[in-house]
Amino acid sequence: MLGIFKRKCEKLIKESKRILSELIPGQKALIESISDECQGIERKRLLDLGFVPGTLVEVAIKSPFRDPTAYFVKGGLIALRKAQASKIRIAPVTI
């Protein structure tokens with residue numbers, strides 16, 4: 001019985017932190033995709049800044065009020081608001 005709860009807990013942990021805005025400073029992840037609700041110029045901007053699927057991203061700094069957050073992407077430091085970062089799906093990286 002305890003094994004069932006342990007597996008459910010592990011699954012919840014794996015499924016959490018699936019969007020960029022949920023990470024904390026120092027954590028790294030691979031970009032999986034940009035949400036389909038992000039279209040047009042906003043999507044183009046994120047792609048131009050380097051938020052491309054398969055790219056490694058690391059949370060650098062969160063501002064005192066948690067918005068915006070700075071991310072290391074392809075050698076650059078890019079700041080995104082939470083609303084933008086929540087549209088980027090990620091896969092956890094274990095290093």
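Each reported figure results from applying straightforward, stated rules to the coordinates on display, with no laboratory input. Owing to the predicted nature of the structure, the values given are computational and were not obtained by experimental measurement. Quick reminder, even Gly has a Cβ in these numbers, built from the backbone with ideal geometry, and neighbours come from all protein chains shown.
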Please arrange F51, F65 by how many other C-beta atoms lie within 10 Å of their C-beta, fewest to most.
F65, F51
Please provide three numbers in whole Å: the alpha-carbon extents of the range 18-92 along the principal axes, with the largest listed first.
30, 23, 22
Under a point spin-label approximation (7 Å from Cα along Cα-to-Cβ), what is the E32-A70 distance to one decimal in nm?
2.9
Taking Cα pairs under 8 Å and at least six residues apart, what relative contact order does the range 18-92 come out at, in percent?
44
Any GluC sites (Glu not before Pro) in the range 15-95 that lie in a DSSP loop and have at most 11 other Cβ atoms within 10 Å would be E37
